[in-house]
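See structure below.
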Amino acid sequence: MIRDTSETKEAKDFLKMPQFDLPLRELEQYAPERAEPTDFDAFWEKTLAEAASFSLDARFEEVEAGYTELVTEDVTFAGYGGHPIKGWMLRPRSASGPLPTVVTYIGYGGGRSLVGEWTAIPSTGVAHFVMDLRGQGAGHKSGDTPDQGVSGPHFGGHLTLGIDSPETYYYRRLFTDAVRAVEAAQAHPFVDPARVVISGGSQGGAIALASAALTPTVLQQAPLAAIVDVPFLSHIRRATEIVDTAPYGELVRYLGVQRGREEEIFNTLGYFDGVNFAARATMPALFSVGLLDDVCPPSCVYAAYNHYAGEKSMNVYPYNGHENGGAVQLAEHIRFQREIFASA
């Protein structure tokens, strides 16, 4: 892992490694023109205003999970359309609060899973709110939240679900849930609403980018910072052109059948592209990238990073793919969170 790669000898050495995407020196400068719908801001303003018309109804019920040093709570709150969204809230049993809090968004196909997946962050002395993903949770982590807004034919997972229009697209619902999740976390009596960090990897990174852009527009206390690991849904069109792996492969297969609809579909996706959210996000952010990542290609990650409007840093893992830094990056999360919370 390296930081501030443009100024290090190691960065030049990494250009010699085999990779399928742009060389690192070019990645660091890669800021493609954004394909953004003219009513992008109006669309999200309307979406979030509709969501705010529903009571948040955040409920926290303590459960016995067997982790004696942690308080574990089953969470339910009202997301998009007032639909009930599940989650976990964990905090140190010895802490009296109000606590700094990390809100975590999960990768593609995952759900909130079992509590044991999430004990690392609250073990550092902060609260940890984990948002379940509507309609997902049959992939790498189990989930408990149905998607009540399913519409239209789609291929495979959720990438093409409701893609006929931005109003029906799956990620409209999911990104709205993410904003409401921050509000739900802030409603907890042990949480300091002024000290929240949002975090996610892959699809979770896409959600974190959206949340970083959208939460300051509607919440009295916006998150302090964002952690964005190998974000999915960034520079989407390029991703479909250079990789054939899932989930982007789902979109390729869909367009292979829905011939002639490319511009219509990519216009819908413009409302959800992380590059467009990045240009609106100003909170400090920690990014990461794996230079061998053929799921979320490095150039797509850097497209979001280089358009990100706030203070930012990138951790580069030159010999890693989509797993990026693994436990090393988790340690970086903890370091970054501590710095952010200490400065608040």
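The values are calculated or read from the model by the stated rules, or taken from the named source; none is laboratory data. Please read these numbers as outputs of a predicted model, since none were measured by experiment. In this analysis, Cβ positions are derived from the backbone assuming ideal geometry, glycine residues included, and neighbour counts consider all displayed protein chains.
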Checklist entry - Only one of (1) crowded, with 17+ Cβ neighbours inside 10 Å; (2) in contact with an Asp or Glu (Cβ under 7 Å, 6 or more places away or on another chain); (3) of a type outside the set (S, T, N, Q) fails for Tyr305. Which number is that? => result (2)
Next on the checklist: Just the residues that are under 22 Å from Gly205 (Cβ atoms), among the polar types (S, T, N, Q) and out of contact with any helix residue (DSSP H, G or I) (no Cβ under 8 Å at 6 or more places or on another chain), please, taken from region 68-122.
Outcome noted: Ser113, Thr119
Checklist entry - Does Ala342 satisfy the condition of being in a helix (DSSP H, G or I), of a type in the set (Gly, Ala, Ser) and without any contact (Cβ under 8 Å) to a residue 40 or more places away in the chain? => result yes
Item to check | Which listed residue is in a helix (DSSP H, G or I), within 21 Å of Gly107 (Cα to Cα), touching a helix residue (DSSP H, G or I) at 6+ places or on another chain (Cβ under 9 Å) and not β-branched (Val, Ile, Thr), from Ala331, Ala304, Ala327, Ala281 | outcome: Ala304
Checklist entry - Going through region 170-220 one residue at a time, which ones are among the β-branched types (Val, Ile, Thr), in contact with a strand residue (DSSP E or B) (Cβ under 9 Å, 6 or more places away or on another chain) and outside any strand (DSSP E or B)? => result Val182, Ile207, Thr215
Checklist entry - Among the numbered criteria (1) within 16 Å of the chain's Cα centre (by Cα); (2) small (Gly, Ala, Ser); (3) surrounded by fewer than 20 Cβ atoms within 10 Å (Cβ to Cβ), which single criterion is violated by Gly310? => result (1)
Item to check | Candidates Ser234, Ser313, Ser288, Ser299, filtered to the one that is in a helix (DSSP H, G or I), in contact with an Asp or Glu (Cβ under 8 Å, 6 or more places away or on another chain) and of a type outside the set (Val, Ile, Thr) | outcome: Ser299
Item to check | Residue check, Asp192 at pLDDT below 95 and not aliphatic (A, V, I, L, M) | outcome: no
